[in-house]
Amino acid sequence: MNNKVMNDKPAFGTKEWASRNENLIKGCGHDCKYCYAKSMTIRHKHNTKENWSNESVNQAKLKKGFRKYDGRIMFPSSHDITPAHLYDCMTFLNHILKAGNQVLVVSKPHLICIKAICDTFIPYKGQILFRFTIGSADSNILKFWEPNAPDFDERLESLKYAFNAGYQTSVSCEPMLDDKVDDVVNQVSPYVTETIWIGKPNKLNERLSMNGFKNDQAVMGSARSLMEFFSDEYVLDLYERYKDNPKIMWKDSIKKVLTKVRGNGNLPANTQNPDILTV
């Protein structure tokens, strides 16, 4: 943790985790219902909801060289690393690592992909931090919100594999997809070397509507039920349970509740960002 500094400036979204984002693929086969990247690309008419799950590789970017950047690079941030394009993602990741960059690899992980990355990039082990998104320990809930992503068991096995291979590991429980985040925290904690980030779903109704679910009563009803879980009282209770756990970090959606209740000058230490690197 010696090369990490507390960041006094408020950071939001991906900037809470890294100073730079890199992506290689347009679209994402996981096709998560709440996906922010899907909603943004539809809003700006760069893609359609019908075509989003058809992944296409930016071949020009794949062939470009890469230089060393300050801070940590998040890869990917608007798609995932799926078996269909594993080789391309590993080629691109190799370019980033060979240039000497620190990389945050973010994924709803497929075990075959994580095994390949861990086994291939042993010489760069010190430059890689994995962050696996696990919003629920209930695979049925994951299947509903993230229909083509791996189930809980596969994500947990991926975490264990990276941990046992000696890599730095972390977990994102954002978005929380039920009110049983304790189930995730308890099961992943033994295999996390760094942090477990907790956050509420962001702009859920807006993103679901943009992604084609505005008139889907089942989806929108589930969204209402989900958001009802995350009252200020629930968030404060969650904070009290984990405020002394050094692995737990709070995303900006949780910070907003704490700020409202406590005021800007009284945010606890684990609302600050340890992921922005100094060089």
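Which of the residues spanning segment 147-166 are free of Cβ contacts under 8 Å to residues at least 40 places away in the same chain, buried (at least 16 other Cβ atoms within 10 Å of the Cβ) and under 17 Å from GLY135 (Cβ atoms)?
Within segment 147-166, PHE152, LEU156 qualify.
So for segment 154-163 (the condition being more than 15 Å from the chain's Cα centre (by Cα), closer than 29 Å to ASN47 by Cβ and at pLDDT 95 or above), does at least one residue qualify?
yes
Taking segment 25-61 as the search range and keeping residues that are of a type in the set (A, V, I, L, M) and in contact (Cβ under 8 Å) with a residue 40 or more places away in the chain, which one is nearest to TRP145 (Cα to Cα)?
In this case the residue turns out to be ALA37.
Among the numbered conditions (1) more than 19 Å from GLY29 (Cβ to Cβ); (2) part of a helix (DSSP H, G or I), tell me where LEU93 comes up short.
So the condition that LEU93 fails would be (1).
Is it fair to say ARG207 is in contact (Cβ under 8 Å) with a residue 12 or more places away in the chain, in a helix (DSSP H, G or I), buried (at least 21 other Cβ atoms within 10 Å of the Cβ) and out of contact with any helix residue (DSSP H, G or I) (no Cβ under 6 Å at 6 or more places or on another chain)?
Spelling it out, it is not the case that ARG207 is in contact (Cβ under 8 Å) with a residue 12 or more places away in the chain, in a helix (DSSP H, G or I), buried (at least 21 other Cβ atoms within 10 Å of the Cβ) and out of contact with any helix residue (DSSP H, G or I) (no Cβ under 6 Å at 6 or more places or on another chain).
All but one of (1) within 16 Å of the chain's Cα centre (by Cα); (2) within 21 Å of ASN202 (Cα to Cα); (3) not in a helix (DSSP H, G or I) hold for PHE130; state the number of the condition that does not hold.
(2)
What number of residues in segment 34-77 are surrounded by 20 or more Cβ atoms within 10 Å (Cβ to Cβ) and part of a loop (DSSP other than H, G, I, E, B)?
Counting residues in segment 34-77 that are surrounded by 20 or more Cβ atoms within 10 Å (Cβ to Cβ) and part of a loop (DSSP other than H, G, I, E, B) gives 4.
The values are calculated or read from the model by the stated rules, or taken from the named source; none is laboratory data. Bear in mind the structure is a predicted one, so any value in this text is a computation, not a measurement. Here the Cβ is made from the backbone with ideal geometry for all residues, glycine too, and neighbour counts use every protein chain on show.
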